[in-house]
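Just so it is clear, none of the values below were taken in a lab; they were calculated from the coordinates. Bear in mind that the values here come from a model prediction, so they are computed numbers and not experimental data. Cβ sites come from the backbone with ideal geometry, for glycine too, and all protein chains shown count toward neighbours.
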Amino acid sequence: MLRDLISLIYPRQCAGCGEPLLKHEEEVCNFCYINLPKTNFHKQALNPVKNIFYGRVELETVSSFYYFQKKGSVQKLLHAIKYKGNHTLATILGNWYAEDISADQAVMQSACIIPVPLHRRKLKQRGYNQSEAFGKGLSEGLNIRLNTTLLTRAEHTASQTRKSRYERWENVEDTFEVAPDDSLKHKHVILVDDVITTGATIEACCQSLQQIEGIKINVLSIAFATG
Ligand SMILES: [Zn+2]
């Protein structure tokens, strides 16, 4: 009753198209939900997002939920997540993706879900880590625990000039540190990110995670952006 009243005054809007949401709809209207561009990469052993890591880092399942297209609905969803503080939307996307990805054996045998850590400065600005919010949704849907303490950003003030041109271009501002955890030796884990473009951040995370002997890394993201 109160919720109905509030939505009369402040209609809840779809994060994809801006139309008012119906009572049963959460964050995204049914029309947008049906038309969001799923990649279905998890159904292909070799797929475009897995291919970008070829020769760089060895991974198990690599998949993204949606295609990111400039000015498309997925860009609007990510905008709401990153700049409008809509962490509920990120978690809902994780819930939805869990339904699709639960058919994947390598993903399902994972011991934990590890979000790509956010820069401390950005965490302060945004108030939450969008990859963690997505990971929370996956965690709920897959019943695999979220691990937010294993991987952290190693923040340092190395001058930009000491970095390679590649690193500067990629804007990989820092490296990652992994806490020693023997319980994850020879186990599968799921690393989650919001958008994968060149894969530089994921690669840096994996290099740190691979300090754990025999670890097998799956990578899942909300979206995959080509070129
Ligand atoms: Zn919509």
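Numbers below:
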quantity	calculated
Label-point separation, Arg145 to Gln109 (7 Å along Cα→Cβ), nm	2.0 nm
In nm, spacing of pseudo-spin labels at Glu213 and Asn40 (7 Å Cα→C-beta vector)	4.2 nm
Long-range amide H partners of Phe65 with built H, under 5 Å	Ser221, Ile222, Ala223
Potential lengthening between Leu2 and Tyr33 on full extension [0.36 nm per residue; Cα-Cα distance subtracted]	8.5 nm
Helix 87-101 vs. the chain, principal-axis angle (Cα, 0 to 90°, nearest 10)	70 degrees
Projected area, mean over directions - the stretch 38-225, Cα convex hull, nm²	10.4 nm²
Estimated vicinal HN-Hα couplings, Hz - the stretch 118-127 in sequence order (Karplus 6.51, -1.76, 1.60; Gly, Pro = x)	8, 4, 4, 5, 5, 4, 5, 5, 7, x
